[in-house]
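The values are calculated or read from the model by the stated rules, or taken from the named source; none is laboratory data. None of these values were measured; they are calculated from a predicted model. Cβ: placed from backbone, ideal geometry, glycine included. Neighbour counts: every protein chain shown. Side chains included, ligands, DNA and RNA excluded: accessible areas come from the protein's heavy atoms. Shrake-Rupley method; radii C 1.70, N 1.55, O 1.52, S 1.80 Å.
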Amino acid sequence: MTAPLGHDAPQRPLVLARGRAFVHQITPATTPFPAGMTATIEIWDSTETTLLDIWLGTVTPTAVTWSVPAASADAIPAGARYTLSVVMPTAPPTGYDWCFGPVIRRHRQQ
């Protein structure tokens, strides 16, 4: 068997720019997001041993959004690691990782 079993979250970079807020939105591909779903971005240091911050997403039926102030985003160093996780309101609740990866810093354009 060559394919992994279970949910295999894709690896994607989280891109931050100094002095800029982190703003992101995810919309559902087909069915609306269920009431009671939660979404969080946990950010860890580069060794994944120290939790640096948790950014809570705002979930509506039509989108999950984040708007993290620049001061909070600026505190996250390049090379940190993040995981975006969701918890579905099932009984019991079902959590899984949506994506994960490194934090990348880009120079902001003037």
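Rolling a 1.4 Å probe across all protein chains gives Tyr96 an accessible area of roughly 80 Å². Our helix-only sum for the chain, with -39,500 (n - 2.57) per DSSP H run of n ≥ 4 divided by its residues, gives a mean residue ellipticity at 222 nm of -1000 deg cm²/dmol. Remark: spin-label model distance Leu52-Ala29 equals 3.0 nm, labels positioned 7 Å along the Cα→Cβ axis.
Legend: residues Ser67, Ser72, sorted from most to least accessible area (1.4 Å probe; ligands, DNA and RNA excluded), read Ser67, Ser72. Note on Trp44: accessible area approximately 70 square angstrom, rounded to 10, probe 1.4 Å, nucleic acids and ligands left out. The residues Thr49, Thr38, Thr30, Thr83, sorted by heavy-atom accessible surface at 1.4 Å with ligands and nucleic acids left out, run Thr30, Thr49, Thr38, Thr83 from largest to smallest.
Backbone phi angles across region 77-89, fed through the Karplus curve with coefficients 6.51, -1.76 and 1.60 (θ = phi - 60°), yield HN-Hα couplings of x, 4, x, 5, 10, 10, 9, 9, 10, 10, 10, 8, x Hz in residue order; Gly and Pro are listed as x.
Working note: Karplus 6.51/-1.76/1.60 with θ = phi - 60° gives region 4-21 the couplings x, 8, x, 6, 9, 5, x, 8, 9, x, 9, 9, 10, 10, 4, x, 10, 5 Hz, where Gly and Pro are set to x.
Summarising the amide proton neighbourhood of Ala21: residues at separation of 5 or more, or on other chains, whose placed amide H is nearer than 5 Å comprise Ala70. Using percent of Cα pairs over 17 Å apart as the read-out, say which of [x] 58; [y] 62; [z] 54 was calculated from these coordinates. Read-out from the structure maps to [x].
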